[in-house]
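See below for the structure under consideration.
The values are calculated or read from the model by the stated rules, or taken from the named source; none is laboratory data. Computed from a predicted structure; not experimentally measured. No Cβ is skipped: glycine too gets one built from the backbone with ideal geometry, and neighbour counts run over all protein chains shown. Only protein heavy atoms, including side chains, enter the accessible area calculation; ligands, DNA and RNA are left aside. Shrake-Rupley method; radii C 1.70, N 1.55, O 1.52, S 1.80 Å.
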Amino acid sequence: MSSFIDLVKVLFRNYYRGIDLSETSDLEKREFGFQFFDKEGMIRHASFRNSDELRHYLISNVPSHVYYSSALYNDPANPDMDAKGWLGADLIFDIDGDHLPTPNCQGAELMTLECLNDATDEVSKLIDSLIEDFGFSDSSIKIFFSGHRGYHVHIELPEIRGLMDDERREIIDYLLLRGFDIERLIRGNAVLIDARLRGIGGRLASLIHELDPELLNNLGSKKRLSKSLIRKLNTLNSVISERLSIHIDEVVTMDIHRLIRMPNSLHGKTGLRVVKVGPSDLERGADFIIDKAIQFRRGILTLRLIKKVPVRRVLGEDVVGDEGSIIKVPTYVGIYLVISGWGELVD
């Protein structure tokens with residue numbers, strides 16, 4: 001394993017020599033945290049005056065994981081959280097395939113394109129809601145593939161950074177449809193369920209059309225809804241919550257001191273880059289996203305499989321073999337299989 005770690009550290013170091021740090025805004029006001037291939041735990045409360053200092057640290061120390069704070073501080077290196085001088089925090093959303101209740105993701109032992117496609121659909125729902133419901137411009141929303149099974153969405157607007165825990169909780173509750181009750185969209189003679197409306201009312205109309213087109217027609221043709229029609233609507237509350245809620249990791253969004261993966265850093269469990277993507281990239285699917293994130297394309301690694309790989313394709317490449325099989329794979333596939341415990345490097 002030591003020879004493999006040495007190889008990965010060489011590859012990571014070479015990558016960090018040319019890393020693009022332009023997506024790390026307000027770098028000097030953020031706390032940084034690092035994990036390493038050959039050390040336990042995390043080093044945090046680090047800070048850097050500029051991108052050259054940070055790059056030098058990455059090259060000299062070669063971390064396996066690089067994190068920075070969503071918060072900005074007067075004194076980011078201070079180990080006393082109360083003494084850091086909190087100035088505000090970006091609004092961060094985390095969508096992780098591990099947490100999605102889909103057949104493709106539940107129980108998945110390796111990252112698969114199918115699970116990542118589910119996460120891609122979920123982050124697209126989130127972006128639509130942030131734009132249509134909350135009024136954010138698409139230019140104010142940064143989307144990053146996490147380098148593993150999901151996405152991080154950053155909003156860095158000055159007017160957003162001042163939001164406190166309880167205000168962020170309201171955003172979370174809306175996205176999760178926590179406490180949703182369809183009767184709240186019925187106000188006297190006004191029924192706020194219409195495909196022409198922005199927000200939850202429009203999305204709800206589309207879902208009802210899918211589930212029960214006649215019910216949607218009745219909603220549009222009645223000046224006042226009968227109790228029986230309202231009861232019928234109420235039977236849809238659970239399926240509405242299941243289909244229209246957005247599965248964000250609420251702890252990440254709530255935490256105004258959160259450490260999140262630094263853009264363009266390498267993910268130490270996969271060797272993939274935390275890469276910025278746009279809505280058009282999401283539409284092209286997981287294959288395209290993974291292709292953008294792959295770094296180590298040159299060379300072939302020879303591995304011995306420790307156990308049979310449970311999927312046929314790994315990072316878009318066919319991997320066939322039983323426990324003990326000797327296989328040759330592209331470097332980026334080999335790194336992922338060894339780090340994740342499915343193979344070992346053959347010298």
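To the nearest 10 square angstrom, what accessible area does Ser137 show with a 1.4 Å probe?
60 Å²
Pick from Gly150, Gly285, Gly299: which is most flexible by mean-square fluctuation in a GNM of the chain where alpha carbon atoms under 10 Å apart are linked?
Largest GNM mean-square fluctuation: Gly299.
Calculated FRET efficiency, Asp287 and Asn14, Cβ-Cβ r, R0 41 Å, to nearest 0.05?
On the way: r = 26 Å, r/R0 = 0.63.
Here the calculated transfer efficiency is 0.95.
Please arrange Arg313, Arg55 by accessible surface area, largest first, computed with a 1.4 Å probe and ligands excluded. Before the final figure, lay out the partial values.
On the way: Arg313 115, Arg55 55 Å².
Listed by decreasing accessible area, they come as Arg313, Arg55.
Keeping every protein chain present and rolling a 1.4 Å probe, give me the accessible area per residue for the chain in Å².
Working: 16500 Å² over 347 residues.
Per-residue accessible area for the chain comes out at 48 Å².
Which net charge results when you count Lys and Arg as +1 and Asp and Glu as -1 among the other residues whose beta-carbon is under 14 Å from that of Asp38?
+1
Per DSSP helix of 4 or more residues, -39500 (n - 2.57); summed, then divided by the residues of the chain. What does that give at 222 nm, rounded to the nearest 500?
Counting only the DSSP helices, I get -11000 deg cm²/dmol.
Is the chain rounded, prolate or oblate when judged by the Cα gyration tensor, a ≥ b ≥ c being the square roots of its eigenvalues, rounded requiring a/c under 1.5 and prolate requiring a/b larger than b/c? Please report the intermediate quantities before stating the final value.
Numbers: a/c = 2.79, a/b = 1.51, b/c = 1.85.
Since a/c reaches 1.5 but b/c is at least a/b, the shape of the chain is classed as oblate.
Keeping every protein chain in place, order Ile59, Ile43 by accessible area at 1.4 Å, biggest value first, i.e. largest first. Could you put the intermediate results ahead of the total?
Working: Ile59 35, Ile43 75 Å².
Descending accessible area places them as Ile43, Ile59.
Note down the nm distance, to one decimal, between modelled labels 7 Å out along Cα→Cβ at Asp82 and at Ser137.
Computed distance between label sites Asp82 and Ser137 equals 4.1 nm.
How much accessible surface area, in Å² rounded to 10, belongs to the heavy atoms of Ile339 with a 1.4 Å probe?
Ignoring ligands and nucleic acids, Ile339 comes out at about 50 Å².
Leaving out ligands, DNA and RNA but keeping every protein chain, what accessible area does Arg44 have, in Å² rounded to the nearest 10, with a 1.4 Å probe?
Roll a 1.4 Å probe over it and Arg44 shows about 90 Å².
GNM, the chain, Cα, under 10 Å: largest mean-square fluctuation among Leu215, Leu58, Leu272?
The residue that fluctuates most here is Leu215.
Could you sort Glu31, Glu317, Glu156 by accessible area so the largest value comes first, with the probe set to 1.4 Å?
Correct descending sequence by accessible area is Glu317, Glu156, Glu31.
Give the cross-link partners of Lys227 among the aspartates and glutamates, using a straight C-alpha distance below 20 Å as the criterion and excluding same-chain residues fewer than 8 apart.
Asp181, Glu183, Asp194, Asp212, Glu214
So, with a 1.4 angstrom probe, what is the percent of accessible area on segment 1-82 that is carbon and sulfur? Provide the component values of the computation, followed by the final result.
Values: 1830 of 4010 Å².
Heavy-atom surface of segment 1-82 belonging to carbon and sulfur, 1.4 Å probe: 46 percent.
Pairs to check: Lys9/Lys328; Lys84/Lys142; Lys269/Lys292. Give those whose C-alpha atoms are more than 23 Å from each other in this structure. Please report the intermediate quantities before stating the final value.
Values: Lys9/Lys328 21 Å; Lys84/Lys142 26 Å; Lys269/Lys292 17 Å.
Long pairs (Cα-Cα over 23 Å): Lys84/Lys142.
In angstroms, what radius of gyration and Dmax does segment 223-337 have, counting Cα atoms only?
For segment 223-337, the Cα-based Rg and Dmax read 22.3, 71 Å.
May I ask you to list the GluC sites (Glu not before Pro) in segment 185-294 that are in a DSSP loop and have at most 15 other Cβ atoms within 10 Å of their Cβ? Show your work: numbers first, answer last.
Numbers: sites: Glu210, Glu214, Glu242, Glu250, Glu283; in loops: none.
Within segment 185-294, no GluC sites (Glu not before Pro) qualify (loop, at most 15 other Cβ atoms within 10 Å).
Return the carbon/sulfur percentage of the accessible area of segment 95-181, one whole number, probe 1.4 Å, all protein chains in place.
Details: 1750 of 3700 Å².
Reported share for carbon and sulfur atoms: 47 percent.
What's the carbon and sulfur percent of segment 279-347's accessible surface, probe 1.4 angstrom, rounded to a whole number?
Details: 1640 of 3610 Å².
Carbon with sulfur: 45 percent of the solvent-accessible area.
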